[in-house]
Structure formats: C-alpha cells, structure tokens
Amino acid sequence: MSMSTSIGALAAALAKAQSEMLNANKNQRNGGYNSKYADLAEIINTMREPLSKNSLSVSQLVGGFDASTSTLSVSTLLMHSSGEWIQSEMSIPVKGKWDKTAQQNVIDPQCAGSAITYARRYSLAAILGITQEDDDGNAASNVPAYNNDADNFPTQNTYNVQPQENVTMA
C-alpha cells in the first residue's frame, strides 16, 4: 500500500461515503460452490454515488503478468479531489495449462479475465470497506469448499500446515 503524504481530507470524505454505503447485495450464485456473492458490477453500483457525492473516485489498473509466478496484479487507486490518494496492489495467481513443449504455463484470456475481475472485486471492496462474502476464494486457491456445519469440516490437515514451535509475535 502507498499513499500521499497527507490523507486527512480523503479519510474524512471516505468516512462520510462509508456512512452512506450499504453492503453489496449478493446478486450472483456460484453453482460450483453453491454460494451467493456480490459481483463486480454490484460493488461498483454500491459505491458509485456515495463516492461521487463526497469528491472521491476510484481507478483500477491491471499490471503485468509475471510468468515466473503465473500471477497478474491489479492496482486500486482511491483518490480525493484534494489530490490525496491511497493505492493498494493485489497479485493473484492465474490458472493455466502447462505447455510441455514451451516449458511454461499458458494462460488463456478467459482465465486471465476471470482472475482480473476477481482481484478488482475484492480490492475495491477492501479499499472501501464494503462487506461481501468470500464466494470464490476457494476456487482461486484450489481449496475445497465446506459447508458451515461441523460434519462437513475436514478432520485431517487438508492444507498441509506444519505446526511451529516457539513462535513469538512482535
């Protein structure tokens, strides 16, 4: 995250805008995980008027593709008419298919577009404080989805997390 040297006016305007924003409606259904979520258009519709009324705007830019990590980045810039700004960047893995001949991950445009939309939706909601449900995070991270009842939670170390001893928090 980076920001202008001062963000006082931006912070005050964002606080006013947030008081006018409702949570985004979960207007889409993810059939693969049987969950509902707010799509990018719903996030934008939720924030557009409150931001505009408070002299705020948002721009999202797609960064380059890092072939070594198969990730794309999306930069979200929240701006105020005073010239103050806050920027965050999110890198997200992009699924693709391994090309044995080329010895590289080949990303098709649909996979890239899906990852960009996902990153834009979550980055925008995060920078503005809009609440939404984590609907497709499981798909993006290849983690199996589980219902919220105890019978459906894994009983083994599904995520292969190794216990650590003598860990201290600063």
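When Ser88, Ser82 are checked against the criterion of being among the hydroxyl-bearing types (Ser, Thr, Tyr), modelled with pLDDT of 95 or more and either more than 16 Å from the chain's Cα centre (by Cα) or loosely packed, with under 13 Cβ neighbours inside 10 Å (or both), a single residue qualifies: Ser82.
The set of residues in segment 39-54 that are surrounded by fewer than 17 Cβ atoms within 10 Å (Cβ to Cβ) and of a type in the set (Ser, Thr, Tyr) contains only Ser52.
Regarding segment 1-16, can at least one residue be identified that is surrounded by 13 or more Cβ atoms within 10 Å (Cβ to Cβ), hydroxyl-bearing (Ser, Thr, Tyr) and touching a Leu at 6+ places or on another chain (Cβ under 9 Å)? Yes; the residues of segment 1-16 include at least one that is surrounded by 13 or more Cβ atoms within 10 Å (Cβ to Cβ), hydroxyl-bearing (Ser, Thr, Tyr) and touching a Leu at 6+ places or on another chain (Cβ under 9 Å). Please tell me if Ser57 is over 16 Å from the mean Cα position of the chain (by Cα) and either of a type in the set (A, V, I, L, M) or open to solvent by less than 70 Å² (accessible area, probe 1.4 Å) (or both). Yes, satisfied.
For Lys36, state whether it is basic (Lys, Arg) and surrounded by 15 or more Cβ atoms within 10 Å (Cβ to Cβ).
no
Only residues that are part of a loop (DSSP other than H, G, I, E, B) and in contact (Cβ under 8 Å) with a residue 40 or more places away in the chain were counted in segment 99-128, giving 1.
The values are calculated or read from the model by the stated rules, or taken from the named source; none is laboratory data. Just so we're clear, the structure is a prediction, and the values are computed from it rather than from any experiment. Heads up, the Cβs are rebuilt from the backbone with ideal geometry, glycines too, and the neighbour counts pull from every protein chain shown. Side chains are part of the model used for accessible areas, which takes the heavy atoms of the whole protein and leaves out ligands, DNA and RNA. Shrake-Rupley method; radii C 1.70, N 1.55, O 1.52, S 1.80 Å.
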